[in-house]
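Below: the structure, in structure tokens.
The values are calculated or read from the model by the stated rules, or taken from the named source; none is laboratory data. Keep in mind that what you see is a predicted model, and the values were worked out from it rather than measured. Here the Cβ positions follow ideal geometry from the backbone for every residue, glycine too, while neighbour counts run over all protein chains shown.
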Amino acid sequence: MSGYQLAEDVSLAGRNTFRVPARAAMMADVSRADALAELFEFASLRDGPVLVLGEGSNLLFAADFPGVAICLTMAGVRITQDDGDTALVRAEAGMNWNDLVSWTLARGLVGLENMALIPGTVGASPIQNIGAYGVEVGEFIETVEAFQRDTGQVKRLAREDCALGYRDSLFKREPERWVVTAMELRLPRRRELRLDYAGVKEELAAMGVDAPRAMHVAEAISRIRTRKLPNPAVLGNAGSFFKNPVVDAALADELKAAHPTLPVFPGPDGQRKLSAAWLIEACGWKGFREGDAGVAQQHALVLVNHGQASGPQLLDLARRVAGSVRERFGVSLEPEPRIIGARFDDTGA
């Protein structure tokens with residue numbers, strides 16, 4: 001058993017949630033982390049570009065991929081330590097993220113409930129340091145296991161060595177160097193629920209829950225997400241396309257004074273985080289459609305493919321959206337998904 005399978009000239013249309021057409025020169029399906037060392041001995045992998053594909057829920061293909069797309073299929077999960085108050089959960093990269101959330105809640109472990117129904121795999125979660133409703137996965141990461149291409153070995157990185165930031169990490173900054181293979185999360189059995197994010201308490205009330213537990217929060221957030229975000233199985237999208245911009249407090253105060261309904265949140269180092277959705281909607285993009293490329297009717301942060309849109313068409317729309325926000329508010333937007341085959345730059349808008 002080699003632990004991997006190779007195929008040449010593979011379509012990626014069914015491997016990205018935007019459902020845009022693209023091809024990879026080669027595809028490797030990997031079922032064992034220790035097979036990566038052997039796989040990377042091939043000259044084409046050792047020297048060429050490599051893309052690790054999870055469920056393709058955080059990617060936009062603006063061109064074909066000239067290198068090797070790697071799909072990690074190992075999806076095991078287990079508790080490796082348990083002291084009664086907390087447990088250490090080891091999950092492999094190919095596991096579906098929401099399945100991990102459900103698995104931990106079913107075992108009385110809390111913390112991940114606010115991140116219910118985020119699309120994608122476990123392997124993608126530390127790369128993007130995923131988060132939702134006031135919680136980030138980085139709060140719980142103890143160790144990330146990753147194959148290091150330049151040494152040919154699987155390395156264990158402690159949380160503090162992962163350079164985790166807002167939708168950012170060492171792995172995101174050095175994608176050609178690391179292949180995340182597993183993650184270990186330290187999860188508590190008791191923790192104060194975070195319910196102060198928009199709509200969560202109201203949803204729990206609508207569900208008739210007056211003494212919520214973590215599982216109820218996960219259910220409430222799943223309901224909110226299902227209502228607010230288009231289902232990629234029906235309408236191609238990659239969830240939120242833009243990060244909430246982080247700006248200096250002075251600019252935030254100035255914008256808030258001019259636009260009292262603009263949501264402003266505390267950011268790192270005394271800065272402020274603004275609502276990208278509000279800025280985009282204020283520029284009139286919500287529900288916009290040109291050909292099959294559009295902005296979702298129910299959420300201004302989500303770019304959608306109504307059927308036959310290409311990656312370059314969606315990228316062009318994203319640049320125009322960001323350009324109009326910069327022009328009107330003096331705020332730059334950055335994309336959340338990784339763009340393959342192009343650089344994102346709103347200055348052409």
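Scanning the stretch 291-343 for residues that are under 22 Å from Ala124 (Cα atoms) and of a type in the set (D, E, K, R) turns up Glu334, Glu336, Arg338, Arg343.
Do you know which residues across the stretch 143-173 are of a type in the set (D, E, K, R), over 16 Å from the mean Cα position of the chain (by Cα) and under 28 Å from Ser240 (Cα atoms)? Result: Glu145, Arg159, Glu160, Asp161. Name the single residue that is farthest from Ala93 (Cα to Cα) among those in the stretch 143-153 being modelled with pLDDT of 95 or more and of a type in the set (Val, Ile, Thr). For the stretch 143-153, the residue satisfying everything is Thr143.
For the stretch 212-313, give me every one of the strands (runs of 3 or more DSSP E) that falls completely inside it and has 2 or more residues that are over 14 Å from Val331 (Cα atoms) and hydrophobic (A, V, I, L, M, F, W, C).
Per the criteria, 293-295, 302-305.
When Leu88, Leu59 are checked against the criterion of being crowded, with 16+ Cβ neighbours inside 10 Å and outside the structural domain of Thr104 (by TED's automatic domain parsing), Leu59 stands alone in meeting it.
For the stretch 317-328, check the following and say yes or no: at least one residue is of a type in the set (D, E, K, R), part of a loop (DSSP other than H, G, I, E, B), at pLDDT 95 or above and under 30 Å from Asp64 (Cα atoms). No: the stretch 317-328 contains no residue that is of a type in the set (D, E, K, R), part of a loop (DSSP other than H, G, I, E, B), at pLDDT 95 or above and under 30 Å from Asp64 (Cα atoms). Of the residues that make up the stretch 206-227, is at least one at positive phi, loosely packed, with under 15 Cβ neighbours inside 10 Å and either over 18 Å from the mean Cα position of the chain (by Cα) or in contact (Cβ under 8 Å) with a residue 40 or more places away in the chain (or both)? For the stretch 206-227, residues at positive phi, loosely packed, with under 15 Cβ neighbours inside 10 Å and either over 18 Å from the mean Cα position of the chain (by Cα) or in contact (Cβ under 8 Å) with a residue 40 or more places away in the chain (or both): present. The residues of the stretch 126-160 that are over 27 Å from Glu192 (Cα atoms) and either touching a strand residue (DSSP E or B) at 6+ places or on another chain (Cβ under 9 Å) or not assigned by TED's automatic domain parsing to the domain that holds Ala91 (or both), listed by number, are Glu145, Ala146, Phe147, Gln148, Arg149, Gln153, Val154, Lys155, Arg156, Leu157.
Just one of the listed residues (Ala293, Ala282) is crowded, with 17+ Cβ neighbours inside 10 Å and either assigned by TED's automatic domain parsing to the domain that holds Pro21 or over 23 Å from Val264 (Cβ atoms) (or both), and it is Ala293.
Reported count of residues in the stretch 32-85, each being of a type in the set (Phe, Trp, Tyr) and either on the phi > 0 side of the Ramachandran plot or more than 23 Å from the chain's Cα centre (by Cα) (or both), is 2. Considering only the stretch 240-250, I want to know if a residue exists there that is out of contact with any strand residue (DSSP E or B) (no Cβ under 6 Å at 6 or more places or on another chain), surrounded by fewer than 18 Cβ atoms within 10 Å (Cβ to Cβ) and touching a residue at least 24 places away in the same chain (Cβ under 8 Å). For the stretch 240-250, residues out of contact with any strand residue (DSSP E or B) (no Cβ under 6 Å at 6 or more places or on another chain), surrounded by fewer than 18 Cβ atoms within 10 Å (Cβ to Cβ) and touching a residue at least 24 places away in the same chain (Cβ under 8 Å): present.
Selection over the stretch 176-187 of residues that are of a type outside the set (Ser, Thr, Tyr), closer than 24 Å to Gly67 by Cβ and surrounded by 15 or more Cβ atoms within 10 Å (Cβ to Cβ) gives a count of 5. Within the stretch 247-265, the residues that satisfy the criterion of being over 25 Å from Leu117 (Cβ atoms) and either modelled with pLDDT under 95 or under 23 Å from the mean Cα position of the chain (by Cα) (or both) are Val247, Val264. Of all residues in the stretch 296-308, those being surrounded by fewer than 13 Cβ atoms within 10 Å (Cβ to Cβ) and within 10 Å of Lys228 (Cα to Cα) number 1.
Among the conditions (1) free of Cβ contacts under 8 Å to residues at least 40 places away in the same chain; (2) more than 16 Å from Ala238 (Cβ to Cβ), Gly14 misses just one, which is (2).
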